[in-house]
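> Structure in structure tokens, see below.
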Amino acid sequence: MKLQIDDKFYKLEIVKKRTNRNTYIRVKEDLTILVTTNIFTSDKKINQIINENIDSIKKMIERASKKKEYEKKFYYLGREYDLVYTNSDSVSFGEKTAFVGKSIDFDKWLKTQAQDLFLQRLDLIYSKFSRRIPYPTMTIRKMKSRWGVCNVKTHRVTLNLNLMKKDISCLDYVIVHELSHLVYADHSKKFWGLVEENYPEYKKVRKMMKEY
């Protein structure tokens with residue numbers, strides 16, 4: 001099934017479930033428009049809902065398209081580089097080019113760099129943190145929907161490897177965010193007050209991180 005928006009056609013996927021009380025629309029990574037709704041919602045009603053929300057759908061498509069283009073490029077600590085594979089066994093950076101040896105396991109290399117950098121920033125931020133909290137165990141892994149996770153019971157902070165793509169200010173904010181959860185497990189006003197206490201520019205950084 002296809003849906004025409006302006007002069008383009010997009011795949012339209014409709015999923016009906018008994019458990020859905022409402023109708024939801026989202027745009028997937030491949031720009032498929034996904035509609036989830038109740039099994040008793042008629043096609044006519046679905047079309048009506050789509051038409052009523054067409055401006056929102058356009059914005060979601062634009063955002064998903066930008067994210068798709070962003071993920072095609074290589075970013076390292078907030079800077080975009082052209083990737084060039086070489087016969088060397090190392091990774092080096094020029095002004096606008098990253099030179100990667102063909103024999104390098106790049107994901108492994110990136111995680112090693114992250115381990116060193118993330119630990120340095122964690123130590124620095126922890127030493128200046130405004131509350132006394134237990135020193136956390138740090139884990140690094142790729143995550144799709146979160147930049148960081150804090151297990152308040154085990155005092156373990158998990159950071160997203162993809163933070164290596166972002167400016168270091170993003171990494172610092174995420175660390176402050178997760179350390180603040182060791183004081184307040186929720187996202188209450190007190191929690192955000194503590195985040196601001198330790199990272200006054202956090203709102204600006206959060207907005208930047210939501211772009212892609």
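Please treat every number below as a calculation from the coordinates, not as lab data. The shown structure was predicted, so the numbers you read here are calculated from the model rather than taken from an experiment. Neighbour counts are summed over all protein chains in view; Cβ atoms, including those assigned to glycine, are modelled from backbone coordinates with ideal geometry.
> Could you derive backbone 3J(HN,Hα) for region 157-171 from the dihedral phi with the Karplus parameters 6.51, -1.76 and 1.60 (θ = phi - 60°), listing whole Hz in sequence and x where the residue is Gly or Pro?
Listing the rounded values in order: 10, 10, 10, 6, 4, 5, 5, 5, 7, 8, 4, 4, 4, 5, 4 Hz.
> While we're on this one: Please list 3J(HN,Hα) in residue order for region 87-97, calculated via the Karplus relation 6.51 cos²θ - 1.76 cosθ + 1.60 where θ = phi - 60°; whole Hz, with x for glycine and proline.
The phi angles translate into 8, 7, 10, 9, 10, 9, 10, x, 5, 10, 10 Hz.
> I need the P(r) histogram for the chain: all alpha carbon pairs, bin width 10 Å from 0 out to the longest distance, whole percents.
7, 25, 24, 24, 16, 3, 0
> Can you list the HN-Hα couplings for region 21-29, worked out from phi with the Karplus curve (6.51, -1.76, 1.60; θ = phi - 60°), rounded to whole Hz and with x for Gly and Pro?
Each residue's phi maps through the Karplus curve to give 8, 10, 10, 10, 10, 9, 10, 7, 4 Hz.
> Exposed loop sites here are trypsin sites (Lys or Arg not before Pro) in DSSP loop states with at most 15 other C-beta atoms within 10 Å. What is the longest stretch of the chain lacking them?
My reading of the result: 154-209 is the longest stretch.
> Only sites in a loop by DSSP and with at most 16 other Cβ atoms within 10 Å count here; which GluC sites (Glu not before Pro) in region 59-151 make the cut?
Passing sites in region 59-151 are E95.
> Would you pull out the residues with amide H under 5 Å of K166's amide H, same chain only if 5 or more places away, H placed 1.01 Å from N?
When sequence neighbours closer than 5 places are left aside, the close amide H contacts are L77, G78.
> Go through K8/K142; K58/K108; K11/K204; K58/K166; K17/K142 and tell me which ones have a Cα-Cα distance over 28 Å in this structure.
K8/K142; K58/K108; K11/K204; K17/K142
> Separate question: Relative contact order of the chain: what whole-number percent is it, with Cα pairs under 8 angstrom and at least 6 residues apart?
The value is 13 percent.
> F191 versus R79, label points 7 Å from Cα toward the beta carbon: distance in nm?
Distance between the two pseudo-spin positions: 3.5 nm.
> Once the Cβ-Cβ distance between K153 and L31 is put in as r, and R0 is 30 Å, what FRET efficiency do you end up with, to the nearest 0.05?
0.15
> In degrees, nearest 10, range 0 to 90: what is the angle between the Cα axis of helix 43-52 and the longest Cα principal axis of the chain?
60 degrees
> Let me ask another. Only Cα pairs under 8 Å and at least 6 apart count here; give the relative contact order of region 145-197 as a rounded whole percent.
31 percent
> Long-range amide H contacts for S88: which residues qualify at under 5 Å (H placed 1.01 Å from N, peptide plane, sequence gap of 5 or more or a different chain)?
The list, which skips near neighbours in sequence, is K102.
> With each run of n ≥ 4 DSSP H residues scored as -39500 (n - 2.57), what mean residue ellipticity at 222 nm is computed for the chain after dividing by its residue count and rounding to the nearest 500 deg cm²/dmol?
-12500 deg cm²/dmol
> As I understand it, the dipole of the chain uses +1 on the Cβ of Lys and Arg and -1 on the Cβ of Asp and Glu, about the Cα centre. Which of I25, H181, V205 lies farthest toward its positive end?
Projecting each Cα onto the dipole axis, the largest value belongs to I25.
> Expected output is a single nm value to one decimal: the length gained when fully extending between E71 and R141, i.e. 0.36 nm times separation in residues minus the C-alpha distance. What is it?
Roughly 23.5 nm would be gained on extension.
> Moving on. If we count every other residue with Cβ under 13 angstrom of K16's Cβ, Lys/Arg +1 and Asp/Glu -1, where does the sum land?
Working: positive: K17, R18, R21, K45; negative: E13, D43.
Taking every Cβ under 13 Å from that of K16, the sum is +2.
> Gaussian network model of the chain, Cα springs within a sub-10 Å range: biggest mean-square fluctuation belongs to which of F129, F40, F99?
In the Gaussian network model the winner is F40.
> Between T97 and N22, what is the FRET efficiency for a Förster distance of 45 Å, r being their Cβ-Cβ separation, to the nearest 0.05? Walk me through the intermediate numbers first.
Numbers: r = 49 Å, r/R0 = 1.08.
According to the calculation, E is roughly 0.40.
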